[in-house]
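The values are calculated or read from the model by the stated rules, or taken from the named source; none is laboratory data. Quick caveat, the model's predicted, so the values are computed rather than measured. Glycine gets a Cβ as well: all are built from the backbone with ideal geometry, and neighbour counts include every protein chain shown.
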Amino acid sequence: MTRLASVVRLELILQVRQRFLHAAIFSGLIWLAVLLPMSPTLRRAADPYILLGDTTIIGFFFIAGTVFFEKQERTLGAIISTPLRFSQYLMGKLAVLLVVSLSVAVVVSSIAHGAGNAADAAGGIHHVTTIRIDQ
Amino acid sequence: MESLARTATNGSTGVIRVRGLTFSYPKASRPAVRGMDFTVGRGEIFGFLGPSGAGKSTTQKILIGLLRGHGGQAAVWGKAPLAWGSDYYQRIGVSFELPNHYQKLTGIENLRFFASLYEGATLNLMSLLDAVGLADEAGTRVGKYSKGMQMRLTFARALINDPELLFLDEPTSGLDPVNARRVKNMILDLQARERTVFLTTHDMATADELCDRVAFVVDGTIVALDTPAELKIARSKRLVRVEYRSERGGLKAAEFPMDSLADDPGFHALLRDRHVETIHSGEASLDDVFVEITGRRLT
């Protein structure tokens with residue numbers, strides 16, 4: 001197994017055992033509770049912003065949690081005394097965070113609009129991001 | 001100082017070579033390391049002793065490649081640790097002073113993860129856990145381990161890649177006598193296989209028992225460096241103390257100069273006429289030597 005794959009596997013196990021995945025699912029449910037009561041027109045307008053917020057919040061929440069556990073367990077010192085480079089470690093963490101937050105976003109979007117509109121919502125995120133970068 | 005100039009006693013190949021090493025932390029009022037010189041040979045157990053804040057851990061971090069920006073020279077196998085890149089960590093093992101494990105993983109899961117980070121073969125993980133007395137707890141989450149168990153797991157983890165050079169920071173701290181003995185025997189086994197050990201400790205008894213040479217570190221410098229035996233003999237009282245039973249059965253003691261012992265009539269009479277309980281030479285302990293040299297006690 002490559003080192004990156006080892007880190008991804010470790011992160012997934014830790015996310016489950018530290019109940020971060022539970023928190024991610026809970027976060028998705030909250031967004032659904034906000035989106036579903038809205039009228040279809042309002043929902044379509046609010047959806048990209050909510051999904052962008054969801055992916056961002058999950059990302060920040062998970063990073064804060066990971067840093068907290070790493071500080072408490074002092075594991076970073078052990079990690080950087082092995083052949084694994086810090087960049088590989090960071091990449092593994094980011095890959096897991098990205099997959100988890102995007103998965104929640106796709107599921108929330110699919111439930112709110114039906115599976116066919118998930119891609120439109122994802123396009124909406126891209127649209128909003130582009131506008132913000134342009135500004 | 002002659003003893004400071006001495007090089008490694010075991011093996012002619014220097015594994016670690018430190019010359020004029022200095023290091024200052026940002027915003028610190030004084031340097032943490034102020035001009036250290038020492039060499040560690042292959043197959044040697046080198047003890048680094050000193051009180052907290054003396055610069056031991058800083059020196060060890062520089063040698064492990066965790067700190068940048070030092071002055072002077074610190075080379076391992078002829079190259080600066082940071083210049084080796086990740087290859088360096090294939091060849092070394094590090095055991096930290098405090099346990100640092102993933103608490104939500106079991107003992108064996110922790111070792112499996114770290115083993116997966118090394119290229120090539122690693123030691124058998126269950127055998128390793130068995131060697132440190134944790135085989136029965138391999139499937140238990142580390143969060144449920146005692147501090148002593150976590151320390152043994154830290155030590156076992158440092159051996160995963162069968163390292164040529166091992167950095168150990170207080171490896172027997174928090175261990176009961178049986179497990180401390182187990183860890184010490186493993187360190188001696190490593191030495192028998194020509195592994196080099198850089199041992200940082202407060203524990204004079206452990207250093208005395210394990211180390212070929214010890215360096216006393218105070219205020220960022222090495223104030224003495226020699227074999228434990230030479231350090232102790234140089235500061236020994238050349239006296240023999242005899243404890244014996246008096247005529248009334250009470251315990252009494254007498255001291256005799258060691259150099260004239262063979263012709264000392266008082267000593268001979270005591271051996272002949274009294275019931276001797278103990279005979280001891282006035283050999284200094286490593287702790288006594290440290291206090292005498294540095295004026296400080298290790299805490």
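One residue stands out among those in segment A:15-39 that are in contact (Cβ under 8 Å) with a residue 24 or more places away in the chain and over 15 Å from the mean Cα position of the chain (by Cα): the one that is nearest to the other protein chains (Cβ to nearest Cβ), which is A:18.
The residue list B:198, B:267, B:216, B:256 contains one member that is in contact (Cβ under 8 Å) with a residue 24 or more places away in the chain, crowded, with 17+ Cβ neighbours inside 10 Å and more than 30 Å from residue B:43 (Cα to Cα), which is B:267. Take residue B:287 and tell me if it is in contact with a strand residue (DSSP E or B) (Cβ under 9 Å, 6 or more places away or on another chain) and not polar (S, T, N, Q). Considered against the rule, which asks whether it is in contact with a strand residue (DSSP E or B) (Cβ under 9 Å, 6 or more places away or on another chain) and not polar (S, T, N, Q), residue B:287 comes out as no.
Counting only residues that are farther than 17 Å from residue A:93 by Cα and of a type in the set (Phe, Trp, Tyr), segment A:16-64 holds 3 of them.
Checked against (1) hydrophobic (A, V, I, L, M, F, W, C); (2) without any contact (Cβ under 8 Å) to a residue 40 or more places away in the chain; (3) in contact with a Leu (Cβ under 8 Å, 6 or more places away or on another chain), residue B:66 passes all but condition (3). Only one entry of A:51, A:4, A:10 meets the criterion of being buried (at least 18 other Cβ atoms within 10 Å of the Cβ), in a helix (DSSP H, G or I) and within 14 Å of another protein chain (Cβ to nearest Cβ), and that entry is A:10.
Residue A:46 meets the conditions (1) more than 10 Å from chain B (Cβ to nearest Cβ); (2) of a type in the set (Gly, Ala, Ser); (3) assigned to a loop (DSSP other than H, G, I, E, B) in every case but one. The failed one is (3). Evaluation of residue B:51 against the conditions (1) more than 12 Å from chain A (Cβ to nearest Cβ); (2) touching a residue at least 12 places away in the same chain (Cβ under 8 Å); (3) within 24 Å of residue A:76 (Cα to Cα) shows that the sole unmet condition is (3). Here is the figure for segment B:233-251: residues that are part of a loop (DSSP other than H, G, I, E, B), surrounded by 13 or more Cβ atoms within 10 Å (Cβ to Cβ) and among the small types (Gly, Ala, Ser) total 1.
Just so you know, in segment B:68-80 the residues that are outside any strand (DSSP E or B) and either over 22 Å from the mean Cα position of the chain (by Cα) or within 11 Å of another protein chain (Cβ to nearest Cβ) (or both) include one that is nearest to residue B:194 (Cα to Cα), and it is B:78. Of all residues in segment A:91-113, those satisfying the criterion of being surrounded by fewer than 20 Cβ atoms within 10 Å (Cβ to Cβ) and closer than 13 Å to residue A:30 by Cα are A:107, A:111. Within segment A:54-82, the set of residues being away from chain B (no Cβ under 14 Å) and free of Cβ contacts under 8 Å to residues at least 60 places away in the same chain comprises A:54, A:56, A:57, A:58, A:59, A:60, A:61, A:62, A:63, A:64, A:67.
Scanning segment B:98-129 for residues that are part of a loop (DSSP other than H, G, I, E, B), facing another protein chain (nearest Cβ under 10 Å) and under 26 Å from residue B:146 (Cβ atoms) yields B:98, B:99, B:100, B:101, B:102, B:103, B:104, B:105. Within segment B:132-140, does at least one residue satisfy the condition of being modelled with pLDDT of 95 or more and under 29 Å from residue B:86 (Cα atoms)? Yes. With respect to the conditions (1) in a helix (DSSP H, G or I); (2) modelled with pLDDT of 95 or more, residue B:214 falls short on a single one, namely (1). Does segment B:219-231 contain any residue that is touching a helix residue (DSSP H, G or I) at 6+ places or on another chain (Cβ under 6 Å) and not in a strand (DSSP E or B)? Taking every residue of segment B:219-231 in turn, at least one turns out to be touching a helix residue (DSSP H, G or I) at 6+ places or on another chain (Cβ under 6 Å) and not in a strand (DSSP E or B). Checked against the criterion of being on the phi < 0 side of the Ramachandran plot, free of Cβ contacts under 8 Å to residues at least 24 places away in the same chain and either surrounded by 22 or more Cβ atoms within 10 Å (Cβ to Cβ) or in contact with a Pro (Cβ under 8 Å, 6 or more places away or on another chain) (or both), the candidates B:87, B:136 yield just one match: B:87.
Might you check whether a residue that is assigned to a strand (DSSP E or B) and without any contact (Cβ under 8 Å) to a residue 40 or more places away in the chain occurs anywhere in segment B:279-287? Among the residues of segment B:279-287, at least one is assigned to a strand (DSSP E or B) and without any contact (Cβ under 8 Å) to a residue 40 or more places away in the chain, which makes the answer yes.
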